[in-house]
Structures are given as C-alpha cells and as structure tokens.
Amino acid sequence: LFNYVANFMYEGDSPLAERRAHALTVDPVRLRELLGEAGLRDLLDPGALVELEAQLQGLAADRRCRHADALHDLLLRAGDLTGAEAAARCEPPQSAAAWLEELARAQRAVCLRIAGEERWVAVEDAARYRDGVGAELPDGLPPALLTGEPEALSELVARYARTHGPFHDAEAARRLGAGVAPVMDALRRHEEAGRVLRGEFRPGGSGVEWCHADVLRALRRRSLAALRHEVEPVDQAALARLLLEWHGVGPAARPMSPPALLDVLRQLQGAALPASILESDVLAARLHRYDSRELDLLLASGQAVWVGAGATAQRDGRVRLYLTEEMPALLPAVAQRPDSPLHDAIRHRLRERGPSFFSQIVAAAGGGFAPEVLEALWDLVWAGEVTSDTLQPLRARLSPSRDRRLREARARGNRVLGRYRPLVGRAGLAPARPEPPDSAGRWWLVESVLGAAPSATDRLTAWAAQLLERHAVLTRDAVLSEDAEGGFAGLYPVLTAMEDAGRVRRGYFVEGLGASQFAAPEVVDRLRALREAASPPACVLLAAADPANPYGAALPWPVRDDGRKPARAAGATVALAEGRLGAWISRDGGALLTFPEALEGIPFRAVAARLADAIRSGERRAWLFGEIDGGLPQGAVVAADLLAEGFSSTGRGFLLRG
C-alpha cells in the first residue's frame with residue numbers, strides 16, 4: 001500500500017486541460033485501423049460463452065423461475081418458449097405447466113403456433129408475433145394489445161440477438177419461422193444502427209455470424225477476465241530469466257549473421273544505450289563473434305540509422321539505433337537544440353546541400369578552426385539532429401588513445417591540435433592533413449529521412465509495440481525507464497485496445513509489479529514455463545545498462561542492510577544467477593557489491609565461478625576487486641568463495657588474471 005501511494009498519488013495532479021488534451025491524443029478510428037479487427041474466435045473463451053448464454057436464456061441456476069410472475073417476466077425478456085423449454089427454466093421444472101395455465105387464465109400468456117410447434121408467449125407480444133411471423137391469435141384477447149406493429153419482425157430479431165450468443169441469420173430465421181431474407185434485412189438495419197455486429201465470433205464456429213453489441217461486450221469482458229486468471233503470478237526472478245532468453249543473452253546468443261543483426265536491432269531500436277558499451281557489451285552479448293563491419297554495412301546501405309540521445313561525461317554519450325523504415329514513428333523530438341552561429345551554419349549546410357563530408361562542413365562554416373567545428377558538429381550529434389552513415393566516428397570519439405592525444409595537444413597550447421590545420425574552403429582544395437578520426441564519413445540531418453510526421457496515435461501505437469518487443473512483459477516501471485512519449489498513462493489506451501483486439505493480455509503476471517501488466521499470449525506461456533529455476537543454476541554476466549537486465553528498470557534493486565545501491569551505469573556489470581542478482585561490479589572493476597541474500601538458496605560460489613570463467617574464456621583480462629561491499633576484500637563474507645575459485649589476495653585487493 002505504501003508503494004502504491006508513492007507511485008500513484010500524484011499521477012492525477014497534472015492540470016485538467018493537459019489531461020483532457022492528452023486524452024484526445026489517441027484517435028480510436030485510427031487505432032482500429034492500425035491494430036486490425038479483433039480475432040475474436042481465438043480470443044473469446046468457450047466457457048464464458050456457455051455461461052453467458054445460460055444466463056441470457058434463463059437456464060443458469062440463479063436465473064430459474066420460482067413462481068408464475070417470474071415466468072411471465074422471462075417470456076417478456078426471452079420471447080417464445082415451448083412447454084419443455086419453459087420447464088427447463090423453472091425450479092422445480094414440474095411446476096412450469098401449472099404456472100403457464102395460471103398465466104393463460106389470467107390472460108397474461110397465450111399459446112401460439114410458431115415455426116410449426118406450440119409455443120408460449122407473453123400476451124403483450126401477441127400482436128408482434130401476428131404481424132412479424134404470421135402467427136394466428138386466439139379469440140378473446142384484449143383489443144388494446146392487438147394494434148398493428150409495422151416493425152414487428154425487426155423487434156423480434158433484436159430480442160433474439162439480445163438473448164443469444166453469436167448466431168447465423170438462418171438460425172434466427174428458423175427459430176422465428178420467418179424467411180432468411182427478411183431476417184437478414186432486419187439484421188442489416190440493426191447493424192447500421194450499431195445494435196448488432198457482424199463477424200467471426202463463436203470459438204470453433206465457421207462463417208459470418210451476428211451478435212448483439214451488448215452481448216459481445218459482456219462476452220469479451222468475461223473472456224478477458226478468464227484469460228487474466230489463467231496465470232498465477234511468478235516471482236520476479238522468473239521475469240529476469242525470461243528477459244535473458246527473450247534478448248538472446250548468454251547461452252541463448254545467436255551466431256553473427258546479417259539477419260540475426262537485423263533482429264537484434266529491431267528489438268533494441270529506440271533504446272538510449274551508452275555508446276561506450278553499445279558494441280562491446282550489448283551487441284556482442286547477443287551475437288557470437290560480433291563483427292562491427294556488418295553494422296557499418298547496414299548503416300551505409302540505409303537500412304539502419306544511429307542517432308545521438310545526449311552526451312555524458314568523458315566524451316561518452318547515449319545513442320539509439322533504428323531501422324530506417326520504422327524510425328519516423330519511434331524517434332523522439334529533440335529536447336534541447338544547440339544554439340550558436342556555428343551550429344546554425346552546420347544545419348544550413350546540411351539542409352541546403354544534403355549529406356556532406358567534414359571538410360565541406362568546415363568550409364561552409366567560414367573556414368574556422370576544425371576542432372571548433374568538430375565540437376559543434378558533435379553537439380548536434382548528441383542532440384539527435386545530425387548523424388553519420390557509419391559508426392567509425394563514434395568509435396573514434398570514444399577511443400582512449402584519442403583522448404590522450406587531445407589532452408597532450410591542449411597542454412601544449414596548440415589550438416590547432418597538432419595534426420589538424422584549419423581547412424580552407426576553396427572548391428577542389430584538399431585538406432593539408434588527414435581529417436580527425438571522429439569526423440570521418442558523411443554527415444546529414446536526421447530530419448531528412450523522416451518524411452511526413454506521423455500522427456500521435458501512430459507514434460503511441462508504434463511505441464507500445466516496440467516496448468512489448470523489448471520488455472516482453474510491459475509494466476509501468478519498464479515504461480518509465482524508457483522515457484516513452486506520454487509515459488505509461490499515454491500508452492495505456494493503446495495497450496487496452498491491443499488487449500481488446502486479442503494482441504496482448506493484461507494480468508498480474510509477475511508478483512509485486514502491479515496489476516496493469518501487458519504481454520503477448522505466447523510470452524505468458526513462456527513465463528509460466530520459466531517459473532522454476534534450473535539446476536545447477538546458470539549465471540550470466542551482462543552490462544548493468546543492458547535492456548536485458550531488468551534490475552533498476554522493471555524490477556527494483558535488492559535492498560542491502562548498509563543502504564548501498566547499484567546503478568545502471570555505463571560500464572558497470574551485473575551477475576545474474578537464474579535471474580537473481582548475485583553481484584554488481586563498478587565501471588572500473590574495482591568495487592564489488594554482493595547480494596547473497598537475494599540469491600535465495602543459490603550459493604554465491606556459482607557467481608564466483610562465473611567471474612573466474614570470464615577470465616579463463618578470455619572475456620576479461622583480469623578482475624581486481626579493491627573493495628567488496630564497501631570494505632576490504634579480505635573481510636568480505638564472500639571472500640572464501642572468491643579464493644576457492646582462484647582469486648588471490650594481494651595488497652591491492654582480490655586479483656584474478658588470465
């Protein structure tokens with residue numbers, strides 16, 4: 001309850017005008033076009049249909065008639081009934097005949113011949129059956145009840161639809177003893193008025209069926225409720241196991257190939273990932289023998305695009321990868337545009353002349369110092385306005401050797417930075433020295449490939465589908481970790497529409513993460529299959545900022561007694577044993593935080609063995625833990641496990657070298 005209050009109590013505090021504007025963002029018609037019609041044959045629950053039809057027909061135990069007045073009400077509500085049908089709806093059944101005779105004596109019910117058999121109807125409906133299906137009325141009925149009804153058949157058809165599940169038009173015509181053509185005509189008029197719907201509804205059925213809108217609404221609601229109760233919530237570690245498998249991390253990694261790389265990009269697109277770990281940790285964790293040249297080929301061919309998502313300390317930043325055709329609906333708006341004459345000059349050059357090499361950009365900037373132009377260019381890159389057709393400049397930007405050369409050049413006070421001279425802007429004149437490595441390739445404005453701006457509904461629908469593709473089980477905290485447009489409240493109408501269309505299910509799948517969780521049906525099945533951890537436990541190392549790591553995003557970090565808390569920092573590493581957080585390692589590898597209690601019965605020795613295996617397999621050159629759990633390594637609780645796996649105690653800490 002305390003967590004609920006902390007998360008939701010201020011959610012409605014935004015101004016009323018903003019909330020109304022946001023509610024109008026989603027266009028229901030466009031949303032139906034994007035999601036398609038519901039595949040209701042697969043969505044509707046057969047058990048829910050049987051239960052609802054029994055209630056509509058008065059066959060359910062709690063709907064049985066227990067006196068003559070209730071039987072009269074049933075005739076008004078459900079229409080004509082044979083004697084046997086009336087007995088099946090009465091409690092006790094043998095009382096039905098006496099109650100019908102009592103109603104007949106009181107002129108409250110009458111027996112008519114309809115569709116070749118004797119049926120009882122409420123006297124109030126007698127004229128309707130006479131005018132609608134040609135039933136002959138007995139003498140002695142009150143004249144006030146015998147006035148003509150021009151829409152008699154239409155009303156009988158509407159009542160049949162209200163009291164039955166999905167049906168064929170021939171079934172309604174056979175029950176009423178009318179022709180199929182007039183019944184079909186009445187159904188079409190009701191369809192135009194929105195009272196009935198046409199489609200494929202009944203599970204296991206065939207052909208086009210009709211269903212009253214209220215009946216279908218109740219049936220969908222009950223079917224969704226039944227689906228939500230199919231899965232008992234799993235523990236949070238099962239979600240972590242699912243994500244590792246879902247992203248193909250660790251043992252599930254695939255061999256490097258262009259199709260596999262495209263699949264990985266499709267899952268990761270739109271995620272703001274630290275540039276320093278994008279290839280070395282994130283892509284390499286999913287693809288065996290990852291080859292950066294394959295990614296450069298995709299970028300150069302125009303199939304993929306990389307876009308900056310904000311600079312961070314020490315020349316690092318965050319980037320997003322996109323498939324070009326899907327980027328317009330997923331690319332967020334530029335939050336803060338760099339503003340200076342030099343930035344404007346670069347924008348103008350790229351907008352007027354298209355993709356340009358760095359020398360051309362320098363010339364267009366007035367022949368200024370190349371380092372100044374380069375820094376302005378990278379300001380635009382990190383802002384998400386400019387990108388390149390290769391990742392080579394980004395790799396050079398992150399290169400430690402380049403940082404060292406720059407520091408040495410600045411220490412000498414050389415504004416031209418040694419090897420870089422001011423580039424002269426005369427046409428055809430090549431630079432006297434090679435261009436900086438982080439300026440290589442062609443540069444262009446991201447907006448040049450976006451085309452017409454998609455509608456807000458298109459964007460929200462694309463984001464909902466993308467986040468489901470990345471997180472498998474979409475929760476409020478998972479959405480908030482992505483900074484998705486509109487947040488969870490903005491995506492909720494789209495997710496609800498996807499649930500109505502049978503694309504996703506909503507339920508309480510993972511304990512402790514709230515009841516509004518969304519997942520595709522096949523994901524729910526996979527989650528159930530991962531309820532039990534494997535034995536012996538599998539331990540995986542991955543980047544803390546990797547989307548496959550749910551801790552710090554969809555899942556909270558485990559609580560430590562000393563209050564120390566990890567972070568999804570660039571370069572930090574986590575060790576997950578069967579989905580449970582066992583350890584967190586700082587960016588420089590010097591600090592180790594352990595979580596033996598969070599492992600819940602899995603020995604920390606499994607985590608220590610995985611750390612040692614990373615050295616033996618060549619993933620890491622060395623581990624040197626100068627600090628464990630905030631203190632000296634020698635006094636750590638897990639010291640014996642590390643020593644048993646080959647770590648040695650040195651004056652600088654626990655060391656394991658390849």
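Per-structure values
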quantity: Residue under evaluation Q466, criteria (1) open to solvent by 30 Å² or more (accessible area, probe 1.4 Å); (2) under 15 Å from P547 (Cα atoms), criterion not met; calculated: (1)
quantity: Conditions (1) surrounded by fewer than 16 Cβ atoms within 10 Å (Cβ to Cβ); (2) closer than 25 Å to A60 by Cα; (3) in contact (Cβ under 8 Å) with a residue 40 or more places away in the chain: number failed by D125; calculated: (1)
quantity: In segment 576-588, the residues that are under 28 Å from the mean Cα position of the chain (by Cα) and assigned to a loop (DSSP other than H, G, I, E, B); calculated: E578, G579
quantity: Every pair of residues 6+ apart whose Cβ atoms lie under 8 Å, when the first sits in segment 159-180 and is in contact (Cβ under 8 Å) with a residue 24 or more places away in the chain while the second is open to solvent by less than 10 Å² (accessible area, probe 1.4 Å) and charged (D, E, K, R); calculated: P166/E209; F167/E209; H168/E209
quantity: Qualifying helices (runs of 4 or more DSSP H) (wholly inside segment 214-324; at least 1 residues being among the polar types (S, T, N, Q) and touching a His at 6+ places or on another chain (Cβ under 8 Å)); calculated: 258-268
quantity: Residue within segment 589-612 that is basic (K, R), open to solvent by 10 Å² or more (accessible area, probe 1.4 Å) and within 33 Å of the chain's Cα centre (by Cα) present; calculated: yes
quantity: Every pair of residues 6+ apart whose Cβ atoms lie under 9 Å, when the first sits in segment 614-642 and is of a type in the set (S, T, N, Q) while the second is in a helix (DSSP H, G or I) and open to solvent by 40 Å² or more (accessible area, probe 1.4 Å); calculated: none
quantity: Among (1) outside any helix (DSSP H, G or I); (2) within 30 Å of G207 (Cβ to Cβ); (3) basic (K, R), the one test that R30 misses; calculated: (1)
quantity: Per-region count, segment 494-506, residues in contact with a helix residue (DSSP H, G or I) (Cβ under 8 Å, 6 or more places away or on another chain) and either over 23 Å from L527 (Cα atoms) or at pLDDT 85 or above (or both); calculated: 9
quantity: Complete set of residues in segment 436-453 that are open to solvent by less than 40 Å² (accessible area, probe 1.4 Å) and outside any helix (DSSP H, G or I); calculated: P436, A440, G441, W443, W444, L445
quantity: Filter result for I585 (under 24 Å from A285 (Cα atoms), crowded, with 16+ Cβ neighbours inside 10 Å and touching a Lys or Arg at 6+ places or on another chain (Cβ under 8 Å)); calculated: no
quantity: Residues of segment 416-455 satisfying the condition of being modelled with pLDDT under 85 and touching an Asp or Glu at 6+ places or on another chain (Cβ under 9 Å); calculated: G418, Y420, L423
quantity: Residues satisfying the stated conditions in segment 67-93, i.e. farther than 22 Å from A161 by Cα and open to solvent by 70 Å² or more (accessible area, probe 1.4 Å); calculated: H67, D69, E91
quantity: Segment 94-122, residues that are open to solvent by 10 Å² or more (accessible area, probe 1.4 Å), out of contact with any Phe, Trp or Tyr (no Cβ under 8 Å at 6 or more places or on another chain) and in a strand (DSSP E or B); calculated: R113, E117, E118, W120
quantity: Residues of segment 633-652 satisfying the condition of being of a type outside the set (A, V, I, L, M), farther than 19 Å from A614 by Cα and open to solvent by less than 40 Å² (accessible area, probe 1.4 Å); calculated: P633
quantity: Strands (runs of 3 or more DSSP E) contained in segment 486-575 and holding at least 2 residues surrounded by 19 or more Cβ atoms within 10 Å (Cβ to Cβ) and free of Cβ contacts under 8 Å to residues at least 60 places away in the same chain; calculated: 517-519
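Yes/no per residue for (1) of a type in the set (A, V, I, L, M); (2) within 26 Å of S455 (Cβ to Cβ); (3) at pLDDT below 90:
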position	(1), (2), (3)
A272	yes, yes, no
L278	yes, no, no
S292	no, no, no
Q303	no, yes, no
R318	no, no, no
L321	yes, yes, no
A329	yes, yes, no
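For (1) in contact (Cβ under 8 Å) with a residue 40 or more places away in the chain; (2) more than 30 Å from A170 (Cβ to Cβ); (3) open to solvent by 40 Å² or more (accessible area, probe 1.4 Å); (4) β-branched (V, I, T), each residue gets a yes or a no:
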position: H212; (1), (2), (3), (4): yes, no, no, no
position: E232; (1), (2), (3), (4): no, yes, yes, no
position: E245; (1), (2), (3), (4): yes, yes, yes, no
position: G250; (1), (2), (3), (4): yes, yes, no, no
position: P259; (1), (2), (3), (4): no, yes, yes, no
position: D263; (1), (2), (3), (4): no, yes, yes, no
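The values are calculated or read from the model by the stated rules, or taken from the named source; none is laboratory data. Not measured: the values here are computed from a predicted model. With ideal geometry, Cβ positions are generated from the backbone for all residues, glycine too; neighbour counts draw on all protein chains shown. Side chains included, ligands, DNA and RNA excluded: accessible areas come from the protein's heavy atoms. Shrake-Rupley method; radii C 1.70, N 1.55, O 1.52, S 1.80 Å.
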